[in-house]
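The values are calculated or read from the model by the stated rules, or taken from the named source; none is laboratory data. Small disclaimer: the values here were computed from a predicted structure and weren't measured. With ideal geometry, Cβ positions are generated from the backbone for all residues, glycine too; neighbour counts draw on all protein chains shown.
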Amino acid sequence: MKGSILSATLIVLLAMTSLAGAQSWGPRTLEELKVETLSRARDGKFPIGKVKMEDAERAVAAIQDLERDTWATAWSNIGDEYVARAKASSSPAEARDNYYYAWRYFDIGRWPTEKHSPGKRKSYEKGLLAFREYGQLLDPPLETVRIPFEGKEIVAYLRIPNGVRPAPLVFGMNGLDSRKEGVMARSEAYIQNGVAAFAIDMPGTGQAPLLIDVGSERMLSAALDYLVERPDIDASRIVVQGRSWSGYWAAVLAYTERDRILGAAVHGVGIHNYYQPEWQKTAIMSEEYLFDLFPARSVVYGVDNMEDFLAYGPRLSLVTRGFIDKPSAPMFLVNGEQDSQQPIADLYLLMKHGDPKTTWVNPVGGHMGRSAQWPDSRVQAEVVRPWLMRQLGVEPARQ
């Protein structure tokens with residue numbers, strides 16, 4: 001019976017791949033999407049959090065169909081308004097705040113991926129510009145670094161706290177549908193505690209020069225090569241922070257770079273079962289996800305149909321790659337027992353192999369351990385950041 005249900009699900013999913021122009025991967029109707037979007041705006045939930053409620057209401061009112069460019073236009077139009085406000089601001093602080101909101105609306109407009117419609121791509125590009133303007137008004141300001149890599153370049157962000165040289169550093173990566181801008185936007189707690197923050201797009205996302213594949217971690221190692229040569233960074237005190245999909249890369253770096261990092265937060269753990277077709281056939285319609293989960297997951301592989309997608313993933317397994325029993329840097333495994341996007345079985349599998357690991361599991365939590373009692377902000381502030389800072393020898397004073 002279970003096999004027949006999975007087969008029927010796959011048939012439906014394969015049929016839906018032809019609906020390339022719209023947000024056809026559910027799980028919501030237009031009206032359901034509007035209700036859920038406003039609910040997430042109200043409650044500060046990903047990916048709609050950190051917005052003004054009146055702006056969210058205006059954006060949702062402008063969405064009259066499930067076309068991707070409709071979504072992009074509704075949000076990016078509001079972003080344009082905030083860019084105009086920023087340019088007319090009477091103080092640097094006012095301009096900074098307006099550029100921040102501009103970036104937020106552009107970022108929602110390109111969500112979950114900028115690679116499937118012209119409108120989303122334009123919203124993404126506007127977001128890059130707004131974010132860099134915002135970053136220049138921070139104290140300390142944002143530094144954009146460009147690292148030559150295999151005939152291309154790695155574009156990343158760096159902030160180093162004032163008066164701390166050389167500074168310990170958190171090497172942060174975005175997840176499947178966030179971007180390095182979101183990683184850096186949430187770096188202030190590190191800066192306030194004397195820790196530098198580095199943000200890089202994981203393979204297959206944003207400005208990354210590589211798609212996801214076996215060995216794509218080499219671009220992350222190249223970024224680490226760059227950082228350890230900087231005199232303003234303490235090369236002996238670097239930790240890695242993965243989130244959601246990039247929890248995989250955090251785990252990989254814990255193995256491959258164990259001599260150069262003091263630990264890795266694997267926040268959202270997809271390392272083996274996640275890549276199996278049996279999991280993907282059902283998880284692809286997770287109601288935790290707002291819409292377009294399959295397009296977001298497939299584009300990072302460079303594939304556009306379910307058959308190729310299901311065949312692509314298994315080779316990425318840390319079991320298949322032979323990592324799971326190898327020595328590693330300390331790992332902190334964090335997730336929710338009820339995660340419908342990444343199987344909790346992967347956390348327990350990783351925990352039971354190789355060197356001992358620290359774990360935190362929310363028994364009622366969904367993806368990333370989120371729940372009503374433990375929203376993402378609390379998980380970050382009370383669970384993940386303190387562990388990373390203590391690995392660096394920093395006792396967190398401000399969260």
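Residues in the stretch 308-344 that are out of contact with any helix residue (DSSP H, G or I) (no Cβ under 7 Å at 6 or more places or on another chain) and either at pLDDT below 95 or not in a loop (DSSP other than H, G, I, E, B) (or both): Asp308, Ala311, Tyr312, Arg315, Ile344. Residues that are of a type in the set (S, T, N, Q) and surrounded by fewer than 23 Cβ atoms within 10 Å (Cβ to Cβ) within the stretch 335-373 comprise Gln338, Ser340, Thr358, Thr359, Asn362, Ser371, Gln373, listed in sequence order. Taking the criterion of being touching a helix residue (DSSP H, G or I) at 6+ places or on another chain (Cβ under 8 Å) and assigned to a helix (DSSP H, G or I), the residues of the stretch 253-273 that qualify are Leu253, Thr256, Asn273. Between Asp292, Asp325, the distinction of being buried (at least 19 other Cβ atoms within 10 Å of the Cβ) and either of a type in the set (D, E, K, R) or more than 29 Å from Gly26 (Cβ to Cβ) (or both) belongs to Asp292 only. Inspect all residues belonging to the stretch 241-263 and state whether any of them is modelled with pLDDT of 95 or more, surrounded by fewer than 18 Cβ atoms within 10 Å (Cβ to Cβ) and over 23 Å from Val183 (Cα atoms). Scanning the stretch 241-263 turns up at least one residue that is modelled with pLDDT of 95 or more, surrounded by fewer than 18 Cβ atoms within 10 Å (Cβ to Cβ) and over 23 Å from Val183 (Cα atoms). Within the stretch 28-42, being assigned to a helix (DSSP H, G or I) and touching a residue at least 24 places away in the same chain (Cβ under 8 Å) holds for Leu30, Leu33, Lys34, Glu36, Thr37, Arg40. Suppose the filter is in contact (Cβ under 8 Å) with a residue 24 or more places away in the chain, within 17 Å of Leu290 (Cα to Cα) and buried (at least 17 other Cβ atoms within 10 Å of the Cβ); does Ala59 pass it? Answer is yes for this residue.
Within the stretch 384-399, being modelled with pLDDT of 95 or more and either in a helix (DSSP H, G or I) or buried (at least 16 other Cβ atoms within 10 Å of the Cβ) (or both) holds for Val384, Arg385, Pro386, Trp387, Leu388, Met389, Arg390, Gln391, Leu392, Val394.
Please go through the stretch 161-198 and pick out each residue that is surrounded by 21 or more Cβ atoms within 10 Å (Cβ to Cβ), more than 19 Å from the chain's Cα centre (by Cα) and either part of a loop (DSSP other than H, G, I, E, B) or at positive phi (or both). Val195, the sole residue that qualifies.
The sole residue among Val60, Val51 that is within 27 Å of Gln341 (Cα to Cα), at pLDDT 95 or above and more than 20 Å from the chain's Cα centre (by Cα) is Val60.
When you look at Ala223, is it of a type in the set (Gly, Ala, Ser), modelled with pLDDT of 95 or more, more than 21 Å from Glu133 (Cβ to Cβ) and buried (at least 23 other Cβ atoms within 10 Å of the Cβ), yes or no? Criteria not met by Ala223. Selection of first residues in the stretch 288-303 that are under 14 Å from Leu316 (Cα atoms) and of second residues that are part of a loop (DSSP other than H, G, I, E, B) and aliphatic (A, V, I, L, M), restricted to Cβ pairs under 8 Å at least 6 apart or on distinct chains, gives the following pairs, ordered by first then second residue: Arg297/Leu176; Arg297/Ile284; Val300/Leu176; Val300/Leu211; Val300/Ile212; Tyr301/Leu211; Tyr301/Ile212. Taken over the stretch 274-289, the criterion of being part of a helix (DSSP H, G or I) and in contact with a Pro (Cβ under 9 Å, 6 or more places away or on another chain) is satisfied by Tyr274, Tyr275, Pro277, Trp279, Ala283.
Residues of the stretch 212-250 that are basic (Lys, Arg) and part of a strand (DSSP E or B): Arg237, Arg243. Candidates in the stretch 345-393 are the residues that are without any contact (Cβ under 8 Å) to a residue 40 or more places away in the chain and among the aliphatic types (A, V, I, L, M); of these, the one that is nearest to Gly263 (Cα to Cα) is Met351.
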